[in-house]
Amino acid sequence: MNTDAPAPMDRWNTLPWKHLQRNVFKLQTRIYRAACREDVKTVRMLQRLLMHSWSAKLLAVRKVTQDNQGKKTPGVDGVKSLTPPQRLTLARTLTLDGTAAPVRRVWIPKPSTPELRPLGIPTLHDRAGQALVKSALDPEWEARFAPNSYGFRPGRSCQDAIEAIFTAIGHKAKYVLDADIEKCFDRTSSYPYQQPTSRRPDGNRGHRSHPSPLRAPLCTALDPPAPPQRGLSLRRLPRHDGAADSPGGHQPGHATARVSTAD
């Protein structure tokens, strides 16, 4: 007879995290398989189930309050460094009601340049809601993404992209387009970005997929300096001969073409 008592669910430090992760992973696997066979009705049903799951809410709160590097960065409400009872309270009150608090905007320096870039910091409650939605959307879009894309995808890193480039240029020189669209998301409307998920995972219809984070007000305390002009560059990657050089590095005897256009 099994005499092990179940772990109490009212104490943060004693929660069965492996069991919670297993529950979420099973639902995400079902969402991925349904998306692969293009069963939209099942995908939406499973996504609603996941976003109302107690396990998913606990993992979302844990991600933004303990795992992320910005866990101690407050939003406009000044809340940071939650205690275990406060984390449980946040998980119990975590709902997706279509509203979002204002975003605190700060300016941080770009590496190796004197330019500053804007960074929007939502509140902990909104960050937990975003993590909850992301856990439901990730498996659906993993079934749709191109197999050779590596940006902001779970389970992939820069090393995977480097390996793919190394394999692609191993036998023939290739061209790579390095494009930088200056202030793309600051100067374009948020409406087109809401169209791919025209039906919300929670079942509500309409083109307002997740508008609240995209339309949240900004609280800015510092104006940035004028950024330098940036454009497009076209480079030719040399063929890699299997030597100890880094993939894509310049080798003697291989030309490198660069074309730049000002914005």
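The values are calculated or read from the model by the stated rules, or taken from the named source; none is laboratory data. Please read these numbers as outputs of a predicted model, since none were measured by experiment. So basically every Cβ, Gly included, is an ideal-geometry build from the backbone, and we count neighbours across all protein chains shown. In case anyone asks, the SASA skips ligands and DNA or RNA and just uses the protein heavy atoms, side chains included. Shrake-Rupley method; radii C 1.70, N 1.55, O 1.52, S 1.80 Å.
Tabulated values for the structure
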| read-out | value |
| --- | --- |
| Single condition A56 does not satisfy, out of (1) assigned to a helix (DSSP H, G or I); (2) at pLDDT below 95 | (2) |
| Residue that is modelled with the lowest pLDDT, among those in the range 83-103 that are under 15 Å from P122 (Cβ atoms) and open to solvent by less than 70 Å² (accessible area, probe 1.4 Å) | G98 |
| Residue check for S198: under 25 Å from D138 (Cα atoms) and at pLDDT 85 or above | no |
| Residue match in the range 64-71 (condition: exposed (fewer than 14 other Cβ atoms within 10 Å of the Cβ) and part of a helix (DSSP H, G or I)) | yes |
| Output for the range 132-160, where each listed residue is in a helix (DSSP H, G or I) and open to solvent by less than 30 Å² (accessible area, probe 1.4 Å) | L132, V133, S135, A136, P139, E140 |
| Residues of the range 106-120 satisfying the condition of being at pLDDT 85 or above and within 19 Å of the chain's Cα centre (by Cα) | G120 |
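Listed here are the residues, each with its yes/no results for (1) among the polar types (S, T, N, Q); (2) at pLDDT 90 or above.
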site	(1), (2)
S135	yes, yes
G155	no, no
L177	no, no
E182	no, no
S189	yes, no
S209	yes, no
